[in-house]
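The values are calculated or read from the model by the stated rules, or taken from the named source; none is laboratory data. No experiment lies behind these values; they were computed from the predicted model shown. In this analysis, Cβ positions are derived from the backbone assuming ideal geometry, glycine residues included, and neighbour counts consider all displayed protein chains.
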Amino acid sequence: MHKKEGETPLEAVENFRNKNPEYPGIPLTYAGRLDPMASGVLVILAGEETKSKEKYLALEKEYDFEVLFGFGTDTYDVLGKVTKHTVKIIQRKELEKEIKKNLRSFVGEITQQYPMYSSKTVNGKPLFAYAREGKGMVTPTRRVFIKKLRLIKIREIDNKRLFKNIERRIRKVHGDFRQNEILRIWKKNLLTNTDGRKFFVASFKIKCSSGTYVRTVADTLGYKLQIGALAFSIKRTKVGNYA
């Protein structure tokens, strides 16, 4: 199925059940989590197939995603508190050159750090629970494999359009994800003394192993370029042969 932006995976499963009444009382689960701000292919397993979840979790993934430069957040995407706002001026050609130069370091087997706002469990508790409690800790890492990572294009967006875009999309999310606080911070950063300022958004395609966090790819790219970056949008286009 296709998970919509703003849905949690559990909401997507329940929506699937509601639209497909032929599954009454049959166990359903998903294989391969997508964050609330991500959309795309979500593999739903039913009945006995739920016992084969690990097989589906191991499948290779493909994504189309965008990276917004100039900001960093604690979630590595737009649904997070802004922790970095870079005012460094960089031209489009220079940005493109630096991106292409640094993309090489992502391809192949790499060590990737889990985002603090993730469902990775440490001592029986997900990392996001520690993050919400304000408890600092050394986040675990894992080895992942990125087969392909390609820059598609770079576009510009002004501060007002950017804020409207972020506000519209965050308001799709239900539940407690700090939405109001996060929107206040975005509003302060984008609508205070920033009239006419433009930001770059770059689009990419990636083919990677299971367990790869696209959000972390975006954040790490910003760190390498020293201008801050986050995953502006993420769409999973393929899981194994499922598209």
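With respect to the conditions (1) modelled with pLDDT of 95 or more; (2) farther than 30 Å from I90 by Cβ, N123 lacks only one, and its number is (1). Inside the range 5-31, residues that are on the phi < 0 side of the Ramachandran plot and surrounded by 14 or more Cβ atoms within 10 Å (Cβ to Cβ) make up a count of 16. Counting only helices (runs of 4 or more DSSP H) wholly contained in the range 126-231, the ones carrying 2 or more residues that are touching a strand residue (DSSP E or B) at 6+ places or on another chain (Cβ under 6 Å), touching a residue at least 40 places away in the same chain (Cβ under 8 Å) and among the hydrophobic types (A, V, I, L, M, F, W, C) occupy 214-225.
Does L162 satisfy the condition of being aliphatic (A, V, I, L, M) and surrounded by fewer than 17 Cβ atoms within 10 Å (Cβ to Cβ)? It is false that L162 is aliphatic (A, V, I, L, M) and surrounded by fewer than 17 Cβ atoms within 10 Å (Cβ to Cβ). Residues that are in contact (Cβ under 8 Å) with a residue 60 or more places away in the chain, surrounded by fewer than 20 Cβ atoms within 10 Å (Cβ to Cβ), among the aliphatic types (A, V, I, L, M) and outside any helix (DSSP H, G or I) within the range 32-61 comprise V43, A58, L59, listed in sequence order. Do we have any residue at all in the range 9-31 that's more than 30 Å from Q91 (Cβ to Cβ), assigned to a loop (DSSP other than H, G, I, E, B) and touching a residue at least 60 places away in the same chain (Cβ under 8 Å)? No. Within the set F106, F128, F71, the sole residue that is aromatic (F, W, Y) and closer than 19 Å to R33 by Cα turns out to be F128. Of all residues in the range 175-221, those being within 23 Å of K238 (Cα to Cα) and of a type in the set (F, W, Y) number 2.
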